[in-house]
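Have a look at the structure below before the remarks.
The values are calculated or read from the model by the stated rules, or taken from the named source; none is laboratory data. All figures in this text were calculated on a predicted structure; none of them were measured in a lab. Cβ placement follows ideal geometry from the backbone for every residue including glycine, while neighbour counts extend to all protein chains displayed.
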Amino acid sequence: MPPPHPADVTRILARVRAGEAEAERELLPLIYEELRGVARGQLARERRNHTLQATALLHEAWMKLGSLDAAVPQDRAHFMAIAARTMRQILVDHARGKKAEKRGSGWDKVTLDIAIDQLQQDELDLVALDETLQQLAQQDPRKARVVELRFFGGLSMNEIAEVLGVSVRTAEGDWYMARAWLRKALTD
C-alpha cells in the first residue's frame, strides 16, 4: 500500500482541528503503515530479543497520543514528529525499566555514530542516548530536535526543515553538528 499523500493527512488534521469527530477516526487507518514503519525502524536499533514488537509500540504510542485536542499538528510531518517522540519516550521508559530490573548487567554501550552509520547493530543503549540528547537539548534545543526527528522519526531533511521552520541547509548543518557533539559526548 503506497504511503498517504501528505496533503490528505493535512486535510484530515484540519478537520480534526475543526472538531469533526469522524476525522480523527480516519487518521489512524490512513497513516497506520507509515507509523508502523517508524516503529519498526526504532525497534531495528534495539537488541534482537526486545520484548516490544512494532505493532505493540505503535498501539501504545497511539494510546499515549490520545485524543488530538488543542495541540493538533498542522501537517503530516508535524504529526509524524510527535508520534516519533512518543515512541522514543516509550522505548526509553521500557529500557529504563529493563535496566532497573537488571541493575545494569549485560548492557553494552553503543555510540550514536555506530547507531546512525549502522542501523542494524544488535543493541543500542537508549537510556544513555536519551540522557545525552537531553544534555544537548539544554545547550541547543533545535539541534536536539533535529536528531530526534531524523534518528527516531525517520523524517527527511526537507520534513525536518518544515517542522522546525528553518531552511534545509540549516537542518542539515544542525544534523551534522549534533551528530559530532553526541558522538563526542557518548565516547567520553
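Farther than 19 Å from V92 by Cβ, surrounded by 21 or more Cβ atoms within 10 Å (Cβ to Cβ) and in contact with a helix residue (DSSP H, G or I) (Cβ under 7 Å, 6 or more places away or on another chain): is that true of A178 in this structure? Taking the combined requirement at face value, the residue does not satisfy it.
Which residue is nearest to I82 (Cα to Cα), if the candidates are limited to the stretch 165-175 and must be surrounded by fewer than 19 Cβ atoms within 10 Å (Cβ to Cβ) and of a type in the set (A, V, I, L, M)? Per the criteria, the residue is V166. Only residues that are of a type in the set (F, W, Y), modelled with pLDDT under 90 and more than 14 Å from the chain's Cα centre (by Cα) were counted in the stretch 142-188, giving 1. For E123, the conditions (1) over 20 Å from A54 (Cβ atoms); (2) assigned to a loop (DSSP other than H, G, I, E, B); (3) at pLDDT below 75; (4) not aromatic (F, W, Y) all hold with the exception of (1).
When the residues of the stretch 10-47 are filtered to those that are charged (D, E, K, R) and within 19 Å of the chain's Cα centre (by Cα), the one that is farthest from L155 (Cα to Cα) is R47.
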